[in-house]
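Here is the structure we will look at, set down as structure tokens.
The values are calculated or read from the model by the stated rules, or taken from the named source; none is laboratory data. None of the values given here were measured: they were computed from a predicted structure. Counting neighbours? That spans all protein chains shown, and the Cβs are built from the backbone with ideal geometry, glycine included.
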Amino acid sequence: MNSNTKIGQSLILGAVVFALLSMPACSWMRGKTGYELSPEARPLEIPPEMNAPRSDTGLQVPQVGGSTPQVAAPSQAFTLADSAAGAYERVGIALGRIDGVSINERSQLLTVYTVSYEGETFLIRISPDGDNARVAAASTEGRELSSGAGAKLLGLLRQRLG
């Protein structure tokens, strides 16, 4: 054998030994552990009904321009030529003289009356408006009322105080 053949065989033998030593020998010495197929190791499967796009229209944004905007009813609030404190006193007297009105609470500091009228409970608010005072009806959440018992009571107050 010549030296070139011996060197070639040595290189091949060295490559095979290197390849064998670099492979993990643990898998050769023992079998499967059982964890390979455990539920935690399996890939996540998504049910078909959760993977499909939504077909209901509840969360879709409506098209712009196709619908007519709703116009809010005009406010029934009115102004009095008086200070807020003076108007608060006048409104309190007028509320006491209107049949069917029950004053549940009074707050002179906030210039608010909580009243019940025709089965509804709401607020009558008096707020400064320049040199005048603005009288408005509002729900207990603070939203100004423009219809119903609140608007009707404001009309009666306007007649008595105007």
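Would you check which residues across the stretch 147-160 are crowded, with 16+ Cβ neighbours inside 10 Å and in contact with a helix residue (DSSP H, G or I) (Cβ under 9 Å, 6 or more places away or on another chain) and list them?
Of everything in the stretch 147-160, those that are crowded, with 16+ Cβ neighbours inside 10 Å and in contact with a helix residue (DSSP H, G or I) (Cβ under 9 Å, 6 or more places away or on another chain) turn out to be LEU153, LEU156, LEU157.
Looking at GLU49 and the list (1) exposed (fewer than 10 other Cβ atoms within 10 Å of the Cβ); (2) in a loop (DSSP other than H, G, I, E, B); (3) modelled with pLDDT of 70 or more, which single condition is not satisfied?
All conditions pass for GLU49, except number (2).
Of all residues being among the basic types (Lys, Arg) and closer than 21 Å to GLY162 by Cβ in the stretch 80-122, which is surrounded by the most Cβ atoms within 10 Å (Cβ to Cβ)? Just the residue, please.
Among those that are among the basic types (Lys, Arg) and closer than 21 Å to GLY162 by Cβ, it is ARG90.
Across the stretch 123-146, which residue is nearest to GLY96 (Cα to Cα) among those that are among the hydrophobic types (A, V, I, L, M, F, W, C) and buried (at least 21 other Cβ atoms within 10 Å of the Cβ)? Steps first, answer last, please.
So the first thing to find is which residues in the stretch 123-146 are among the hydrophobic types (A, V, I, L, M, F, W, C), and the list is 123-124, 126, 133, 135-138, 145.
Subsequent filtering for residues that are buried (at least 21 other Cβ atoms within 10 Å of the Cβ) retains 123-124, 126, 133, 135, 137, 145.
On the way: LEU123: 15, ILE124: 13, ILE126: 16, ALA133: 19, VAL135: 16, ALA137: 16, LEU145: 21 Å.
The extreme case among them is ILE124.
Using the structure shown, decide if ILE103 is modelled with pLDDT of 70 or more and closer than 19 Å to PHE122 by Cβ. Show your work before the answer.
Values: modelled with pLDDT of 70 or more: yes; closer than 19 Å to PHE122 by Cβ: yes.
So ILE103 passes the test.
Consider only pairs whose beta carbons are under 8 Å apart and that are at least six residues apart or on different chains; among these, list those whose first residue lies in the stretch 135-162 and is in contact (Cβ under 8 Å) with a residue 24 or more places away in the chain and whose second residue is in a helix (DSSP H, G or I) and loosely packed, with under 15 Cβ neighbours inside 10 Å.
If the second residue must be in a helix (DSSP H, G or I) and loosely packed, with under 15 Cβ neighbours inside 10 Å, the pairs left are ARG160/ARG97.
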